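Working notes, beginning with the structure itself.
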Amino acid sequence: MEYNGRESDHLMLITPERVFYAGLLGRPRKRTPGCCHVYVAVKGNLHLTIDDVLATGELFVTLPNQRHSIASDYRTVISVTLEPESMPDGVIEALAARLTGPDQAAYVRKILAAYALLRQRRYGDITTAEFDEMCFGEALPRRVLDPRVMRAVARIERFSGEPVTADTCAAEAGLSASRFLHLFKEETGISFRSFRAWKRARYLLHFANQDLNLAHLAQDIGYPDSTHFSHSIRRFYGLKPRAIFVGSRDLAIYRSTETVRMAEAS
């Protein structure tokens, strides 16, 4: 496990398929992330708004690409995120039903216990199955992707600064562009373009507590310009890039070994 940050009760553990975040929530603006979010209140209650309908409680689950806003009675919130392409269809919906069902209080305690464990740095390197056990008490089913799609996913997640195109991935897979795009969505449940856009925005998390030139970072991640960068980040996170960095100055960031390996391959 690589540690990147400073001593703090605010922390983020990043793995290729999961993120555990405990930190500032920021002002409640609408966001449309490409992942599943499990929000848990550290103290008090959370307030979730979807389609102008407000709900209040200790735990909420939002589905990938579900537009929502989240507010908290307390300045810090826990957010556990799951990448949808890592699980078979229906798994996230079934998990959401369990987490928000009669055993919700037990799941709140479980995730708060995971936070306490991570604050003590008592969890070393972690696999997806171990992450799920820590947060949910069980390893969630894994999706097995076609090797051609797996290669495309790996290419997208290298973040070399050069944009990854469907044509490039199709050629590597030995398919026409149209056939590749159909296969990609069939396998992952997400369009190639949407997948690429979300993963680019997700990669920003690795640098959130650093003092960087955001224009240079945008270029390094693969955004064509600062305007596109700012618009994309606001759409996914409900915050401007600068607000994310200002609110993450005391954030301790941990990265799994596999995450570090993928970054070093870029």
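The values are calculated or read from the model by the stated rules, or taken from the named source; none is laboratory data. The shown structure was predicted, so the numbers you read here are calculated from the model rather than taken from an experiment. FYI the Cβ positions are ideal-geometry reconstructions off the backbone, even for glycines, and counts take in every protein chain you see. Calculation scope for accessible area: heavy atoms of the full protein, side chains included, ligands and nucleic acids excluded. Shrake-Rupley method; radii C 1.70, N 1.55, O 1.52, S 1.80 Å.
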Residue that is modelled with the lowest pLDDT, among those in region 171-189 that are closer than 20 Å to PRO16 by Cα and open to solvent by 30 Å² or more (accessible area, probe 1.4 Å): GLY189
In region 214-237, the residues that are surrounded by 22 or more Cβ atoms within 10 Å (Cβ to Cβ) and in contact (Cβ under 8 Å) with a residue 24 or more places away in the chain: ILE233
Total residues in region 105-115, condition open to solvent by less than 50 Å² (accessible area, probe 1.4 Å), touching a residue at least 40 places away in the same chain (Cβ under 8 Å) and not hydroxyl-bearing (Ser, Thr, Tyr): 3
Test: residue in region 123-142 that is crowded, with 17+ Cβ neighbours inside 10 Å, at pLDDT 95 or above and farther than 20 Å from THR15 by Cβ: no
Elements of type helices (runs of 4 or more DSSP H) in region 158-229, at least 1 residues being over 23 Å from ARG142 (Cβ atoms) and among the basic types (Lys, Arg): 177-188, 192-203
Answer from ARG109, ARG121 - the residue that is at positive phi and of a type outside the set (Phe, Trp, Tyr): ARG121
Tally, over region 230-245, of residues that are assigned to a helix (DSSP H, G or I) and either within 20 Å of VAL19 (Cβ to Cβ) or touching a strand residue (DSSP E or B) at 6+ places or on another chain (Cβ under 8 Å) (or both): 10
Enumeration of residues in region 134-156 that are out of contact with any Pro (no Cβ under 7 Å at 6 or more places or on another chain) and in a loop (DSSP other than H, G, I, E, B): GLY137, GLU138, ALA139, LEU140, ARG142, VAL144, LEU145, ASP146
Restricting region 246-256 to residues that are outside any loop (DSSP other than H, G, I, E, B) and either open to solvent by less than 10 Å² (accessible area, probe 1.4 Å) or modelled with pLDDT of 95 or more (or both), the residue that is nearest to GLU162 (Cα to Cα): ILE253
